[in-house]
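Report on the structure given below.
Bear in mind that the values in this text are calculations on the coordinates, not laboratory data. Quick caveat: nothing in here was measured; it's all calculated off a predicted structure. Here Cβ is always computed from backbone atoms with ideal geometry, including for glycine, and neighbour counts include all displayed protein chains.
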Amino acid sequence: MVTLLQVLLMDWFRVATRPPQQSSSGHISNGSLITRDALAIEASGGSTAELWRCHQGRSRTVDKPNRHRYHRRTPPTINQIPPELLGEIFMHHLQTTRNPPNGGPRLTFSASSLSSPILLGQVCGHWRNISLSMPTLWSSVAIHRPQMYHIPMVRLWLERAANCPLSLYIAQPGRVDGEATHEVLEVFISRIHRWKRIQFYFTQGPFRPLLDLTEGSVQMMESATLYLDGWDPASVDKIWRVIHASPALRQARWLASYPHGLPAHVPWAQLTHIIHA
């Protein structure tokens, strides 16, 4: 149960980690550090100081009334609470459902989130240390419109998840960079033994990394959602056959997968939630 203290503190840093908004002048106000340059620094193991210098290079885009927040000399009160509690607040923040835009590429904790552990770790050194010490904060990743510059960060993201079960989401709407999607899938599959939940939405394909999966490789899979629009029936069935072989599977959502009826290898006896559309 979330306490009143947690609610107040979550509200406090929701402002600190608020996504960028356009000001009347067209500049980004309350600027987020999750830029392409910041992702590159993070993926290369850069320090908080390097991220800060990256931010200073964009300081002209930060509205003057907000600048004092980046120049505080005394530790904020929130950093005086136990790291364990702050870590729980981080998780609640990441799990907060928002209404993300459907536009450009983004890398977040989940499909319904606007935040990520990267952003939390770029607030200050103390928050960074906490975010890096909690693998559960990195156990979920959502990629909308994969890009090649996402790849190093996705690889590092999953390394930071350590041995946690993984929740993975990819959305590739329209004709976007198929090579980037291929690379992301290869990174995901390198940790296939830890897949717990997957949501893959593809409007092009098939992708070779998924076709190379073998039965018995997804032992922890509990939930699978696949939208495979335009894929040939043989490729669709090959992937689902692997997923259906998971002894832990409880939820299956076959979207644009089997228009003429479900196959005989569906493990009906173990499923609790299904959607066929």
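For this structure, a couple of remarks:
- With contacts taken as Cα pairs under 8 Å at a separation of at least 6 residues, the stretch 182-277 carries a relative contact order of 26 percent.
- Distance between the stretch 225-240 and the stretch 157-172 - C-alpha centres, whole angstrom: 22
- Relative to the current alpha-carbon distance between Ser217 and Glu179, full extension at 0.36 nm per residue lengthens the span by 11.3 nm.
- Other residues lying with their Cβ under 12 Å from the Cβ of Ser223 contribute a combined charge of +3, Lys and Arg counting +1, Asp and Glu -1.
- Of the residues His265, Met220, Gln204, the one whose Cα sits farthest toward the positive end of the charge dipole of the stretch 181-277, with +1 on the Cβ of Lys and Arg and -1 on the Cβ of Asp and Glu, is Met220.
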